[in-house]
1. Arranged by the count of other C-beta atoms within 10 angstrom, fewest first, what order do A:Met1, A:Met30, B:Met127 take?
2. Counting partner chain Cβ atoms within 10 Å of every residue's Cβ in B:75-84, what's the average?
3. In units of 2.2 N^0.38 Å, what is the alpha-carbon radius of gyration of segment A:1-69?
4. By counting other Cβ atoms within 10 Å of each Cβ, how are B:Tyr97, B:Tyr25 ranked from fewest to most?
5. What value, in deg cm²/dmol to 500, does the helix sum -39500 (n - 2.57) over DSSP H runs of n ≥ 4 give at 222 nm once divided by the residues of chain B?
6. Identify the trypsin sites (Lys or Arg not before Pro) of segment A:1-86 meeting these criteria: DSSP loop state and at most 15 other C-beta atoms within 10 Å of the C-beta.
7. Hey, what did chain B get for relative contact order, percent, Cα under 8 Å, at least 6 apart?
8. Which of B:Tyr132, A:Tyr92, B:Tyr51, A:Tyr136 has the fewest other C-beta atoms within 10 Å, and how do the rest follow up to the most?
Amino acid sequence: MLLVVTALAIARVRNLFAVVALGGIYSFLMALALLVLDAVDVSMTEASVGAGISTVLLLGALYLTRVDEAMPLRFSVAPLIVALVAGAALLYGSWDLPPFGDPAGPIHHHVAPRYLNQVMAETGVPNVVTAVLASYRGFDTLGETTVIFTGGIGVLLLLKGRRRRRGSGGAAP
Amino acid sequence: MMHRETIPRVVTKLLFPFILLFALYVQFHGELGAGGGFQAGVIAAAAVILYGIIFGLSAAHRIAPPWLVEMLVPLGVLIYAGVGVVGLLLGGNYLDYFVLDPDPVHGQERGIFWVEIGVLVTVSSTMIAIYYAFAGRGR
C-alpha cells in the first residue's frame with residue numbers, strides 16, 4: 001500500500017531532489033517487505049544498495065545537472081502501452097505460479113531439501129543463504145562478481161574517458 | 001562539500017570506525033547470521049563515501065587512494081577465480097572447496113571465506129570508484 005503511494009508520488013513529483021528521497025523511502029519499504037518475507041540477506045542488500053549507495057550516487061548526479069525535471073516535449077502514448085502490456089504479461093504469468101508458501105510448490109522439491117538437510121554436514125555453515133551462494137552456486141556468484149566488475153569498469157570508462165577528452169581538448173565546460 | 005558544519009564532522013569521525021567494524025562483522029559473521037561479502041562491501045564503501053561527502057573528495061582520496069581502489073576492482077574477481085584455480089591445482093574441480101583442506105568441511109569453510117573476501121573487495125572498490133568518478137566530475 002505504502003509502496004504504491006510512494007511509486008505514484010515518484011511518478012508525479014517534478015522536483016528530482018524529492019524523487020531521489022522518495023526512491024530511498026521506496027527502497028526501505030521494499031527492504032521491510034523482504035524482511036517480513038524472512039529474506040534477511042536480500043533485505044539487507046536492498047537497504048544498503050537501494051536506499052544507501054544508489055541515493056548517494058543519484059544525489060551526486062543531481063549535483064551535476066538541474067534539479068527540476070524537464071517537461072516532456074509532447075505526450076507520447078507508446079511508453080504507456082509498453083508498460084501496460086508488460087504488466088499484463090507479468091500478471092498473466094503469475095497466475096500459473098503455485099500459491100505463496102505452498103509446500104508442494106516445485107521449487108521446494110528440486111534441490112532445496114538437499115540444501116536444507118545436508119548443509120551442516122557438507123559445509124558446516126549454519127547460514128544456508130551463504131552456503132548456497134558461495135558453495136553450491138559458486139559459479140553463479142563468480143558470474144555475479146564478474147558482472148559487478150564489468151559494470152564498474154564500464155561506468156568508470158564512460159565517466160573518466162569523457163573528462164580526459166574534454167581536458168585534452170582544452171575547452172572549459 | 002560540508003567544510004564548516006561541526007556536528008556532521010564530529011559525528012562522522014565518531015561513526016566511521018564503527019561502520020567499518022560493522023562491515024567486517026557482516027563479512028566474517030556472514031556464515032552464521034545475515035550478510036556476506038556483497039553486503040559488507042557495500043557497507044565498507046558507504047563508510048568511505050560518507051567520509052568523502054563530509055570532509056571532501058581529497059580527504060577520501062587520502063584514506064582510499066584512487067589508484068588503489070581501481071586496482072582492487074579486478075583483484076577481487078581474481079581472488080574469487082583464484083580459489084577455483086587452487087581447487088584445480090589440488091586435484092579437484094574448478095571451485096571445488098572440498099580439496100582445500102584435509103577435512104572436507106573445513107575446506108568448504110576455507111573456500112567460502114576466500115570467495116567472500118573476493119566479493120567484498122570487488123563490490124566495495126567498485127562502489128567507491130564509481131562515487132569518485134561522479135564526485136570528481138563536479139569540479
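Where a number appears in this text, it was derived from the coordinates with a stated rule and is not lab data. Keep in mind that this is a model prediction, so the values were computed, not measured. No Cβ is skipped: glycine too gets one built from the backbone with ideal geometry, and neighbour counts run over all protein chains shown.
1. Ascending Cβ contact count within 10 Å gives the list A:Met1, A:Met30, B:Met127.
2. Whole-number average of other-chain Cβ neighbours for B:75-84 is 3.
3. Ratio of Cα Rg to 2.2 N^0.38 Å: 1.16.
4. Ascending Cβ contact count within 10 Å gives the list B:Tyr25, B:Tyr97.
5. After summing the helix terms and dividing by residue count, I get -27000 deg cm²/dmol.
6. Sites meeting the loop and neighbour criteria: A:Arg14, A:Arg66, A:Arg74.
7. 27
8. Least to most surrounded, the residues fall as A:Tyr92, A:Tyr136, B:Tyr51, B:Tyr132.
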